[in-house]
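Enquirer: First the structure, then my questions, so here it is.
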Amino acid sequence: MKPRIAVLGCGYWGSNHIRTLKALGALHAVSDANRARAEGFASEQDCLAIEPDQLFGRDDIDAIVMALPPQYHADLSVRAVESGKDVLVEKPIALTVPDAERSVRAAKDNGRVFMVGHVLRFHPAFETLKGLIDNGELGEVRYIHSHRLGLGKFHTENDALWDLAPHDLSMILAITGTEPIEVRGEGAALLDNLSDFAHLHMRFPNGLRSHLFTSRLNPYRERRLTVVGTKAMAVFDDVEPWERKLAVYRHAVWQDSGQWAFTTNEPSYVAVAQGMPLTRELEHFIHCIETRAEPRTSGEEAIRVLRILTAGTVTHTKSKD
């Protein structure tokens, strides 16, 4: 029998979890501070609507997916694991590193699965890209840059960096296999005192460099991760159709008589099996619940992501009227 999973938080992303878990046959209940919203989803998906305070003591719930404003994640995830529930917590799992560490420690102490919603780690294009890197197709990776730009969404507690960068940081950490030894952040706040534009510059122990750019005030949408290696360059562009999501560029650069020379080549598009990242993520969560395996996107990884976010955050003073 599939694990009985409840979704706590019926907002935009929570609704995606609800529908996906229903399709996977694992949705048991929904919960939200807005009772009417929860009851609407319960009626639509033929499941239970449970008050948040009553959710944790239910014996008929094996696991909880938390899709809440991040300031609530830490306390409620601790409460969940102490109640014997496995959890998948959406990103970011907390707004401070100590709160994230507290959540992960509580899960370990109680023997519970603790997974984080870094959903792009389950994107078939990224999985294929990671395979190319691991197989040496790009040579030695020397530089990684990512752009995650668009208009919205706007939050009162976390800025463009904290809202948008966790996905890319998770992918960058998966590629590098280590944390950066230097993080430098830049940000610009146009609307209030939270960064609407944010840059991160990172340096890793082996000399690899990385740059990340996020924006919630951009006129066009961009979702692009570029990996530069000594043999080839690869681009994962999630805005492109499936047949063009992963491109490999086999450009060449060399010195000839003391001068630099180069050749450019048309990209070769790598075949990627189609699949919804959220479906694959939740399938992985169900597998971890059933087998007690360590999730690919573990709490420890989320702590590493939060360390980088914290180090790269720019504080702005509120503008005076």
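Enquirer: Could you count how many residues in the stretch 302-315 are open to solvent by 10 Å² or more (accessible area, probe 1.4 Å) and part of a helix (DSSP H, G or I)?
Expert: 5
Enquirer: Going by the structure shown, is D75 under 27 Å from L164 (Cβ atoms), charged (D, E, K, R) and either assigned to a strand (DSSP E or B) or without any contact (Cβ under 8 Å) to a residue 60 or more places away in the chain (or both)?
Expert: yes
Enquirer: Tell me whether the stretch 41-58 contains one or more residues that are among the aliphatic types (A, V, I, L, M) and closer than 20 Å to E290 by Cα. First the steps, then the outcome.
Expert: Narrowing the stretch 41-58 to residues among the aliphatic types (A, V, I, L, M): 42, 48-50, 55.
Then drop every residue that is not closer than 20 Å to E290 by Cα, which leaves none.
No, the stretch 41-58 has no match at all.
Enquirer: Right, next: Go through the stretch 1-35 and count every residue that is open to solvent by 70 Å² or more (accessible area, probe 1.4 Å) and either under 25 Å from K153 (Cβ atoms) or in a helix (DSSP H, G or I) (or both).
Expert: Taking the stretch 1-35 and keeping what is open to solvent by 70 Å² or more (accessible area, probe 1.4 Å), we get 1-2, 4, 12-13, 19, 22-23, 33, 35.
Retained after the next criterion (residues that are either under 25 Å from K153 (Cβ atoms) or in a helix (DSSP H, G or I) (or both)): 12-13, 19, 22-23, 33, 35.
So the count comes out to 7.
Enquirer: Identify all residues within the stretch 78-104 that are more than 13 Å from F114 (Cα to Cα) and not in a helix (DSSP H, G or I); write none if there are none.
Expert: Result: S83, P92, A94, L95, T96.
Enquirer: Taking the stated definitions as given, is V81 β-branched (V, I, T), within 30 Å of R223 (Cβ to Cβ) and either under 20 Å from the mean Cα position of the chain (by Cα) or buried (at least 19 other Cβ atoms within 10 Å of the Cβ) (or both)?
Expert: So V81 does not fit the description; no.
Enquirer: Give just the number: which of (1) assigned to a strand (DSSP E or B); (2) out of contact with any helix residue (DSSP H, G or I) (no Cβ under 9 Å at 6 or more places or on another chain) does I64 not satisfy?
Expert: (2)
Residue-wise test of (1) closer than 18 Å to E281 by Cβ; (2) in contact with a Leu (Cβ under 9 Å, 6 or more places away or on another chain); (3) free of Cβ contacts under 8 Å to residues at least 60 places away in the same chain; (4) not small (G, A, S).
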| position | (1), (2), (3), (4) |
| --- | --- |
| A6 | yes, yes, yes, no |
| L24 | yes, yes, no, yes |
| Q45 | no, yes, yes, yes |
| I64 | yes, yes, yes, yes |
| P69 | no, no, no, yes |
| G84 | no, no, yes, no |
| I93 | yes, yes, no, yes |
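Enquirer: Filter the stretch 201-238 down to the residues that are outside any strand (DSSP E or B), in contact with a Phe, Trp or Tyr (Cβ under 7 Å, 6 or more places away or on another chain) and under 28 Å from F154 (Cα atoms) and list them by number.
Expert: R216
Enquirer: Looking for whichever is closer than 26 Å to H73 by Cβ, open to solvent by less than 50 Å² (accessible area, probe 1.4 Å) and among the hydrophobic types (A, V, I, L, M, F, W, C) here; the options are L208, L132, L169. Which one fits? If you could, list the steps in order and put the result at the bottom.
Expert: Numbers: L208 fails: closer than 26 Å to H73 by Cβ; L132 fails: closer than 26 Å to H73 by Cβ.
Going through L208, L132, L169 in turn, the sole match is L169.
Enquirer: Scanning for something surrounded by 12 or more Cβ atoms within 10 Å (Cβ to Cβ) and either in a loop (DSSP other than H, G, I, E, B) or of a type in the set (G, A, S) (or both), does the stretch 278-293 turn up at least one residue?
Expert: Checked the stretch 278-293: no residue is surrounded by 12 or more Cβ atoms within 10 Å (Cβ to Cβ) and either in a loop (DSSP other than H, G, I, E, B) or of a type in the set (G, A, S) (or both).
Enquirer: Among the numbered criteria (1) in contact with a strand residue (DSSP E or B) (Cβ under 6 Å, 6 or more places away or on another chain); (2) open to solvent by less than 30 Å² (accessible area, probe 1.4 Å); (3) outside any strand (DSSP E or B), which one does G185 miss?
Expert: Of everything listed in (1) in contact with a strand residue (DSSP E or B) (Cβ under 6 Å, 6 or more places away or on another chain); (2) open to solvent by less than 30 Å² (accessible area, probe 1.4 Å); (3) outside any strand (DSSP E or B), G185 misses just condition (3).
Enquirer: Here is a follow-up. Answer yes or no: is there a residue in the stretch 51-60 that is within 22 Å of P277 (Cβ to Cβ) and touching a residue at least 24 places away in the same chain (Cβ under 8 Å). Lay out the reasoning, then the answer.
Expert: Within the stretch 51-60, the first condition is being within 22 Å of P277 (Cβ to Cβ), and the residues that meet it are none.
No, that holds for no residue.
Table: residues versus (1) hydrophobic (A, V, I, L, M, F, W, C); (2) open to solvent by 40 Å² or more (accessible area, probe 1.4 Å); (3) in contact with a helix residue (DSSP H, G or I) (Cβ under 9 Å, 6 or more places away or on another chain); (4) under 30 Å from V89 (Cβ atoms).
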position	(1), (2), (3), (4)
G229	no, no, yes, no
A232	yes, no, yes, no
T264	no, yes, no, no
S268	no, yes, no, no
V272	yes, no, yes, yes
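Enquirer: Take the residues in the stretch 151-176 that are out of contact with any helix residue (DSSP H, G or I) (no Cβ under 8 Å at 6 or more places or on another chain) and not charged (D, E, K, R); name whichever of them is modelled with the lowest pLDDT.
Expert: Out of the qualifying residues, it is T156.
Enquirer: In the stretch 234-262, what residues are at pLDDT 85 or above, open to solvent by 70 Å² or more (accessible area, probe 1.4 Å) and of a type in the set (V, I, T)?
Expert: Selection gives V239 alone.
The values are calculated or read from the model by the stated rules, or taken from the named source; none is laboratory data. Being a predicted model, the structure only gives us computed values, none of them experimental. With ideal geometry, Cβ positions are generated from the backbone for all residues, glycine too; neighbour counts draw on all protein chains shown. Note: areas computed on protein heavy atoms with side chains; ligands, DNA, RNA excluded. Shrake-Rupley method; radii C 1.70, N 1.55, O 1.52, S 1.80 Å.
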